[in-house]
Amino acid sequence: MTGTQIFDRLAGDIKSSANRPPDEDALARLAEQMTAASITSGKMLRELRERMFPTNDEPSALDVAHTLRAEFQQWVAESQAVFERAQRLELAGRPIPGTRELGDLIGMTLAMLQVTPQDHLRSLRQARAGSTLSIEELRRELQLKRGG
């Protein structure tokens, strides 16, 4: 639970409150708590990230990797919703502690999710088979692709 639904309800309530003063402080506190909770859960998941990249293709290791990958994907979706709401408040002049850290965690996690457990296992097999490039070879390949 990220709290985004109550955040949206309070934000809508603030916009439409003609008879009473808006409680923007409560909204900012909620955003701070949501941001801190997302950061905490993201860090907890990141402690397990090495299990998302098993060193062998045993079914149990792959099952854990796929389950953990799904958890990371769910965390990203929920945390992006929190991040967007915190950013909205920041754009309105209400700084929310942790917004930048949460954005960094989301970015690192999205980058990590670009590599699947199968991609990782394939690269390990290639390395074991000696199918690797030296740094110099890689540099030359990249320069050729750039056209120079």
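I'd like to verify a number: residues in region 47-66 that are in contact with a Pro (Cβ under 8 Å, 6 or more places away or on another chain) and among the small types (Gly, Ala, Ser), how many? It would help to see each step written out before you state the result.
Of the residues in region 47-66, the ones in contact with a Pro (Cβ under 8 Å, 6 or more places away or on another chain) are 52-54, 61-62, 64-66.
Those left that are additionally among the small types (Gly, Ala, Ser): 61, 65.
Qualifying residue count for the region: 2.
In this structure, does Val82 turn out to be out of contact with any His (no Cβ under 6 Å at 6 or more places or on another chain), free of Cβ contacts under 8 Å to residues at least 60 places away in the same chain and on the phi < 0 side of the Ramachandran plot? It would help to see each step written out before you state the result.
Numbers: out of contact with any His (no Cβ under 6 Å at 6 or more places or on another chain): yes; free of Cβ contacts under 8 Å to residues at least 60 places away in the same chain: no; on the phi < 0 side of the Ramachandran plot: yes.
Taking the combined requirement at face value, the residue does not satisfy it.
Scan region 105-148 residue by residue and report those that are under 30 Å from Glu32 (Cα atoms) and surrounded by 13 or more Cβ atoms within 10 Å (Cβ to Cβ).
Leu105, Ile106, Met108, Thr109, Leu110, Met112, Leu113
Out of region 46-73, which residues are under 21 Å from Leu102 (Cα atoms) and charged (D, E, K, R)?
Arg46, Glu47, Arg49, Glu50, Arg69, Glu71
Got at least one residue in region 87-105 being in contact with a helix residue (DSSP H, G or I) (Cβ under 9 Å, 6 or more places away or on another chain), closer than 26 Å to Thr132 by Cα and without any contact (Cβ under 8 Å) to a residue 40 or more places away in the chain?
So far as region 87-105 goes, no, none of its residues is in contact with a helix residue (DSSP H, G or I) (Cβ under 9 Å, 6 or more places away or on another chain), closer than 26 Å to Thr132 by Cα and without any contact (Cβ under 8 Å) to a residue 40 or more places away in the chain.
Based on this model, can you work out whether Thr55 counts as modelled with pLDDT of 95 or more and among the β-branched types (Val, Ile, Thr)? Steps first, answer last, please.
Details: modelled with pLDDT of 95 or more: no; among the β-branched types (Val, Ile, Thr): yes.
Against the criterion (modelled with pLDDT of 95 or more and among the β-branched types (Val, Ile, Thr)), Thr55 does not qualify.
Go through region 29-137 and tell me which helices (runs of 4 or more DSSP H), entirely inside it, have 3 or more residues that are within 12 Å of the chain's Cα centre (by Cα) and of a type in the set (Phe, Trp, Tyr). Break it down into steps so the answer makes sense when it comes.
Values: elements: 59-91, 99-112, 117-128.
By residue number, 59-91.
The values are calculated or read from the model by the stated rules, or taken from the named source; none is laboratory data. Just so we're clear, the structure is a prediction, and the values are computed from it rather than from any experiment. Positions of Cβ are generated from backbone atoms using ideal geometry, with glycine treated the same way; all protein chains shown enter the neighbour counts.
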